[in-house]
Amino acid sequence: MAGALDLLRPPAHRGPLIASGAVLVTVGVALEEIRLDEQLATGVHLAILAVSAAAMLALGLQARTEGGRPPAYQSVLLVSGLLLAAPALLTLADLLGADLSGDVPAGAFMWISLVLAGLALWPAATKGSAVCALIGALALGIAGLAFVKWSTDASSVTTYRWLLLALALAYGVVSLLLRGPAPRHSEQLVNAAGLAILALALTGLLGGLAGLLIPFVSGLEGSPLPNGWELVVLAAGCGLVAYGAVDRAPGPAYLGLANLAAFIAAAGASDEAKLLYWPLLLLALGLGVMVVGLRPRRPLPPEPAAYPSGTVPLASRTDEETTVRVRDDSPPRA
């Protein structure tokens, strides 16, 4: 067993080469599954996907970290394994009797997402993989949506908008908790929150798009975003851009731009050819902030004068300058 594990431990100097080969294998398996979908039995498809996913994950988990952080090739191996594990779990559900020909059953989607979340969160916790933390968080969120559908059979788009908003807030809270001990994981949870808000925004752009975002829901029809939801998307977009600028994190910044683009598309879908209300409000707010930032600057107060020699307070003196005088109250010596 030890020898087999050693074979699955990629040498550090060959890690990028192995990772590039893993990407090609992942793409090749995906194409094989698409082209031979009807030619092979379900059990054969499951074996191909399961073995490929297990090999990729084993290679990724055996790689050694560098300075406490996973090397780039390790993240590539882990992501490749998770990308193959997802269709493997779907194939397993099909083999167990789930009808995947139409809408994916919510119950099957729930346990598939939970298993995928476990596979992703294990290397996130043990190997410090931030991208696996993102995948695991998204899988847990999808499992929560599937649970609501499975338990309540909810089909209103408003219900899922509230759920996506709750997911974004939960991701944000956990991100704050991880900001100190795991800053890279914290950033990825901010990305997860941005993706949840983006999914919320996309439910109002095109009719029927909500059904594509939530595949286990049947008959879910998208509807235009009301002003309150547009405000949520706008605030989230601005917050993500600000977070990315302050922390120099490109992921949240790009997701912020995507959310702002979705807000423009949703708010611009109105047929009203007037400035009321979003355009005028945003112009007034933006110009007001710029005026505050460019207001005339008052000259800074002059620096305080230096202390005269010998009058520096004790608390401001350096170790070399500190002089302590102690009064001797003992009786005089004879």
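The values are calculated or read from the model by the stated rules, or taken from the named source; none is laboratory data. Keep in mind that this is a model prediction, so the values were computed, not measured. Note: ideal-geometry Cβ built from the backbone for every residue, glycine included; neighbour counts use all protein chains shown. Heads up: the accessible areas ignore ligands, DNA and RNA and are worked out on the full protein's heavy atoms, side chains in. Shrake-Rupley method; radii C 1.70, N 1.55, O 1.52, S 1.80 Å.
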The range 135-144 - phi-based ³J(HN,Hα) in whole Hz, Karplus 6.51/-1.76/1.60, Gly and Pro as x: 5, x, 5, 5, 5, 5, x, 5, 4, x
Could I have the simple spin-label model distance between residue 238 and residue 153, label points 7 Å from Cα toward Cβ, reported in nm to one decimal? 4.3
Solvent-accessible area of residue 69, probe 1.4 Å, all protein chains present, reported in Å² to the nearest ten, please. 130
Just to check I understand the Karplus step: with θ = phi - 60° and J = 6.51 cos²θ - 1.76 cosθ + 1.60, what whole-Hz values come out for the range 123-130, glycine and proline as x? x, 5, 8, 8, 10, x, 7, 6
Net charge around residue 131, counting only other residues with Cβ within less than 15 Å of its Cβ (Lys, Arg = +1; Asp, Glu = -1)? +2
Given points 7 Å out from each Cα along the Cα-Cβ axis, report the residue 173 to residue 227 separation in nanometres with one decimal. 3.0
Accessible surface of residue 80 in the full protein assembly, 1.4 angstrom probe, to the nearest 10 Å²? 10
Assuming R0 = 25 Å, can you tell me the calculated FRET efficiency for the pair residue 24 and residue 261, based on Cβ-Cβ distance, to the nearest 0.05? 0.15
Run the simple label-point estimate for residue 281 and residue 44 please: 7 Å along Cα→C-beta, distance reported in nm. 5.9
With θ set to phi - 60° and the Karplus curve 6.51 cos²θ - 1.76 cosθ + 1.60, what are the ³J(HN,Hα) couplings of the range 27-34 in order, to the nearest whole Hz, using x for Gly and Pro? 5, x, 5, 4, 5, 4, 5, 6
